[in-house]
Amino acid sequence: MTTITFTVNNESRTIEAPPMKRLLDVLREDLHLTGAKEGCGEGECGSCSVLMNGELVNSCLVSALQAEGAAITTIEGIAVGQKLHPIQQCFLEKGGAQCGICTPGMILATHHLLEKYPQPTLLQIQEGLAGNLCRCTGYTRIFDAVQAAANQPGKP
Amino acid sequence: MSEPTQPGPLFTVGSSPLRKEGVAKVMGQAKYVDDITLPDMWFGATVRSTIARGRIVSITFDPAIPWHEFTIVTAADIPGENTIVHLTKDHLCLAETHVNHPNEPILLLAHPDRAVLPAAVAGVQITYEELPGVFTIEESEAPDAPAIWEPAPEDALHSQEKNVFKTYLMESGEAASLETIFANAAYIVEGEYRTGAQEQLYIENNGVIAEAFRAEDGSLESVKVQGAMQCPYYLVHALELVFKLPEEKCRVIQTETGGAFGGKEDFPSVIGSHAALLALKSGHPVKICYDRAEDMAGTTKRHPSRSRHRTAVSKDGKILGGEIDFALDGGAYVTLTPVVLSRGTIHAPGPYHWPALRVRAKAMATNLPPHGAFRGFGAPQSIFGTERHMDKIARVVGITPEEMRRRNLLAVGDRTATGQIIHDTVDMQQMLTRALTESGYHAKREEFARTNPTSTIKRGVGFATFLHGAGFTGSGERRLNSLVKMIVDAKTGNPHILVSSTEFGQGTNTILCQVAAEVLGIPYDEVFITQPDTKIVPNSGPTVASRTAMIVGKLVEQTAIKILAALQPYGYEIGNTFEQFKKAAIAYGIEHGDVNVEARYQSPGDIFWDDEAYRGEAYPAYAWAVYVAEVAVDTSTYSATCTDFYALQEVGKVLHPVLAKGQIEGGVAQGIGYALYEKCVWQRGHMANNQMTNYIMPTSADLPPLHVAFEEIPSIHGPFGAKGIGELPMDGPAPAILNAIEAATGIAFTEVPLLPEDIFERMTANGNTGGSEDLNPSIDRDTRVESVA
Ligand code: FES
Ligand code: FES
């Protein structure tokens, strides 16, 4: 067991965990933040995506030790209280979420994408989200949601 | 019972209100089964066979593992029958003496710490006496094949032939004179087409949490399972047998479900029974959530298929008669295979007029894990063969694929191959014109004919015309006997819809609430739908077969009409506000309590289906479609890409345009994956590429622009004219894409999935290889083409 201190959704947290425990399990089991999902456990699907120091990471590939001192943002830290973030609102309105299992990861990937490219081209969206698999939508409604979010005031 | 839907403009049906459970999903607050933890919950794991077929000789436990901490369940711990009931009881809950496929469950383990389970599973050593297995349709049907499937003699559901699960014979028109028709035809065109297994690849794996409750005397009183699933009552029926409990003592709750596509239709009966056995023996709630590798290796896939066509054609390209042999690989147990075979059989003729037709269909047993439900349910398999074959006939006759379709498409008043008269006023000729025009098909053909000769990238366009039946077959819906309830809360005035129909992304919650709101004349936001819990909701049938919008939606409409009738005496009229609705509900409540109504399925008078003869109204309604694919084949890297996709469909009234488009786009994406990316690699029945790293589904960077267009001809069978929509988009992409690849390269590939290595093999081989045939019929070796005119 190691003591890990890090910031999650702007709150400082300290936990005891085996050093190689996956960040995904730390979030889900120790902190009860179940928004990040396990789709594959091997870095392929992106449903476990979180932001770590502003970068999009697959939390199934990050160890607790690597998260020491980091600032983590999960889907639970995106909305402002009960008020949806503009990206969430656009996913909701444009039909970007069907079964919803990929949605937390997609929204974080979009957040990251829009920081990098505030007005992304379709190609930039396609490539920016290529690490996040969605089996339901065929992605078209997700592209719509990202484009709509890019045109919102108050985006990241 | 089918009162006409109210006239006048619609206020919520046909618009796109927000998905009912959408806020929870975008906030990450929706609770999927693995997000739920119960007090004192343990975790379960499954010990599986490592061989395809054999007798279990010994089971030993690695002494290094503290087994006393674990709960261990074997077949001997099953209080009821050792079976997972689907259509028959051949499928064991846990193997006892023999195994029939790799990854067959033999033993179950539970422990409070999830992390110790993988080592414990590896610590159970099982030895076998191996028996010979069969792994393909051909191996299974070979005269000297080992008999891996001995049909139970008392079971009329089954064929009595060795290794054959089920056969159908569907004959129509002048089938008796087929030999004469072939003898006199200008052309006889033969072809063989194949499709591979496909993984559903829902992003949430199969998972459940089970609890078992004992009476004071220690005897088993009831079981409760919650988890990801499509059909809660299927699991109830499985539990009844495994635990020897009456229906009301087996409670099943669907949790938010992260994709299903058929993969959570029959399989939850297996994992749900397993978790409940562990819960009973351990005395704890037990969660089993598979990881990806276990889910891919151990659960169902789309049935691999083989279609053989032999068609008699006139000089000008009219179909005169045909024979279709359709075969499925069913895997090791029957599960849902006869129904998949049935849908494949009924869809094999496509949207064409066959003056004489004989379809012989059979499902073979193999030593693969049982294949199961996957969006389309047999239809994508047989439609692939038929639509590739139509292009082949066109080529042989020397007419365009378009002209070939035009000369043979069904029209209003014609009879389908089962003898059903087309009543829908659908005009496939006009749909074909619209699809080819809007997709730029003709212009692209001209352009590519000009540019291809000087380019290493060969481009092409192709299309498929097809239909898909909505709901179960006529007799199937009668057997389901679905029931829907609606309750208006006498305090809040909010109606609640009670159905066992589940939401797993496709929009069940939203469209059913829209239908109710529309009939009641109150805002969509005031209508609620109850999470399926078999203790509360009636059995409205399984959430499969494109039946929810049409069949269950119609029943929701009928319950709402009854609510209106109940509230009318209390002063509510259509056109009033929700406040007035609520007032009426409160007034009603003072006298009677909540308004509580139900509606049961009644077969429309004109739907007759003969299961024996395979004649009649196969489905109450059909959706019709023309899909056009554009491809680019790189002759230096041998990769084929779909570069543009256009999908036109007639689906009756579109209840929710955003959801409907999302359904079509998602289905087309899966269809593109089926055609060009998704290959299950089998090694003696074991899926060798059971990871997302080497089973490739399309990413956001792989898909072309998807253009979706609807025609809406209201059907009398669904609420506000809606028909089914969910499975249709799976049918068209694979044949459209392979037709386009033939247009681009001149090579007639006959098999999906078609990966670069398959294209490489064909393009670099001398002469013919498997999975394709030569373009020039005169040098075609697999295919006999005779001109006797
Ligand atoms: S679970 Fe982490 S990438 Fe799939
Ligand atoms: S919405 Fe289901 S996987 Fe994306």
log₁₀ I(q)/I(0) of the range B:395-533 at q = 0.09, 0.15, 0.18, 0.20 Å⁻¹, via Debye over equal Cα point scatterers, no solvent, to two decimals? -0.58, -0.94, -1.07, -1.18
Please compute the net charge surrounding residue A:46, taking Lys and Arg as +1 and Asp and Glu as -1 over other residues with Cβ under 14 Å from its Cβ. -3
Mind checking the alpha-carbon convex hull of the range A:22-156 and giving the volume per residue in Å³? 101 Å³
Just name one of B:24, B:569, B:213: the one whose Cα is farthest towards the positive end of the charge dipole of the protein assembly as shown (beta-carbon charges, Lys/Arg +1, Asp/Glu -1). B:569
How do B:731, B:217, B:634, A:144 stack up against each other in accessible area, from largest to smallest, with a 1.4 angstrom probe? B:217, A:144, B:634, B:731
Ratio of alpha-carbon Rg to the 2.2 N^0.38 Å globular estimate for the range B:19-77, to two decimals, please. 1.88
5 Å-binned pair-distance histogram of the range A:2-76 (Cα, whole percent): 3, 19, 32, 30, 13, 3
Within 13 Å, Cβ to Cβ, of residue B:32, how many net charges do the neighbouring residues add up to if Lys/Arg are +1 and Asp/Glu are -1? -1
With R₀ set to 56 angstrom, the calculated FRET efficiency between the beta-carbons of residue B:150 and residue B:635, to the nearest 0.05, is 0.65
5 Å is the cut-off here: which amide hydrogens, built 1.01 Å from N in the peptide plane, fall below it relative to residue B:707, excluding neighbours closer than 5 in sequence? B:645, B:646, B:647
List every residue whose amide H lies under 5 Å from the amide H of residue B:689, counting only residues 5 or more places away in sequence or on a different chain, with H placed 1.01 Å from N in the peptide plane. B:681
In the P(r) worked out for the range B:33-187, what percent of Cα pairs fall beyond 23 Å? 57 percent
So for the pair residue B:489, residue A:121, with labels modelled 7 Å out along Cα→Cβ, what separation do we get in nm? 5.1 nm
When the dipole is taken about the Cα centre of the range A:86-150, and only Lys, Arg (+1) and Asp, Glu (-1) are charged at their Cβ, what size is it in debye, to the nearest 20? 120 debye
Out of the DSSP beta bridges found with both residues in the range A:2-76, what percent are antiparallel (nearest 5)? 90 percent
At 1.567 mPa s and 4 °C, Stokes D of the range B:313-407 from Kirkwood alpha-carbon radius, µm² per second: 90 µm²/s
In order through the range A:82-92: 3J(HN,Hα) via Karplus (6.51 cos²θ - 1.76 cosθ + 1.60), integer Hz, x for Gly, Pro: 8, 8, 5, 5, x, 5, 4, 4, 5, 4, 5
With every protein chain present, what is the per residue accessible area of the protein assembly as shown (1.4 Å probe, Å²)? 35 Å²
Rg to Rh ratio, the range B:670-760, alpha-carbon atoms and Kirkwood radius? 1.08
Provide, as a two-decimal number, the C-alpha radius of gyration of the range B:373-448 over 2.2 N^0.38 Å, N being how many residues it has. 1.28
Ignoring ligands and nucleic acids, chains B and A bury, in total, an accessible area (1.4 Å probe) to the nearest 100 Å² of about 3700 Å²
In whole Å, largest first, the alpha carbons of the range B:55-143 cover along the principal axes 50, 28, 22
Quote the accessible area belonging to residue B:454 in square angstrom, nearest 10, computed with a 1.4 Å probe and with ligands, DNA and RNA left uncounted. 130 Å²
Which loop chymotrypsin sites (Phe, Trp or Tyr not before Pro) in the range B:525-627, with loop taken from DSSP, have no more than 16 other Cβ atoms within 10 angstrom of their Cβ? B:608
Set B:20/B:535; B:554/B:582; B:287/B:554; B:162/B:679; B:224/B:582; A:83/B:485 screened for pairs whose C-alpha atoms are more than 31 Å apart: B:287/B:554; B:224/B:582; A:83/B:485
Taking only the Cα atoms of the protein assembly as shown, how large is their convex hull per residue, in Å³? 178 Å³
Shape call for chain B from the C-alpha gyration tensor, a ≥ b ≥ c root eigenvalues: rounded (a/c under 1.5), prolate (a/b greater than b/c) or oblate? oblate
Suppose every Lys and Arg Cβ carries +1 and every Asp and Glu Cβ carries -1, with no other charges. What dipole size does chain B come out with about its Cα centre, to the nearest 20 debye? 760 debye
For a test of the definition: using alpha carbon positions, the gyration tensor, and the 1.5 limit on a/c, classify the range B:581-635 as rounded, prolate or oblate. oblate
Environment charge at residue B:607 (Cβ cut-off 9 Å; Lys +1, Arg +1, Asp -1, Glu -1): -2
With x for Gly and Pro, the residue-by-residue ³J(HN,Hα) of the range B:250-263, computed from phi through the Karplus equation 6.51 cos²θ - 1.76 cosθ + 1.60 at θ = phi - 60° and given in whole Hz, is 10, 9, 10, 10, 7, 8, 3, 10, x, x, 8, 6, x, x
Sorted from largest down, give the three principal axis spans of the alpha carbons of the range B:548-601, whole angstrom values. 32, 24, 14
Quick one: among A:78, A:15, A:87, which has the greatest mean-square fluctuation in a GNM of chain A with alpha-carbon springs under 10 angstrom? A:15
Mean other chain Cβ within 10 Å across B:662-671 is 5
Percent carbon-and-sulfur accessible area, the range A:86-150, ignoring ligands, DNA and RNA, probe 1.4 Å: 52 percent
Can you give the convex hull volume per residue for the Cα atoms of the range B:459-559, as a whole number of Å³? 144 Å³
Looks like the range B:207-358, by Cα gyration tensor root eigenvalues a ≥ b ≥ c and the a/c under 1.5 rounded cutoff (else prolate when a/b is bigger than b/c, oblate otherwise), is prolate
Sequence-distant or interchain residues sharing an amide H contact under 5 Å with residue B:198, placed H: which? B:302
Share, in percent, of DSSP beta bridges within the protein assembly as shown that are antiparallel, nearest 5: 80 percent
Mean 1/r over all different Cα pairs, inverted: what Kirkwood radius does the range B:646-717 give, in Å? 14.5 Å
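The values are calculated or read from the model by the stated rules, or taken from the named source; none is laboratory data. All values derive from a computational prediction rather than experimental measurement. FYI the Cβ positions are ideal-geometry reconstructions off the backbone, even for glycines, and counts take in every protein chain you see. Protein only, heavy atoms only, side chains kept; ligands, DNA and RNA dropped before computing areas. Shrake-Rupley method; radii C 1.70, N 1.55, O 1.52, S 1.80 Å.
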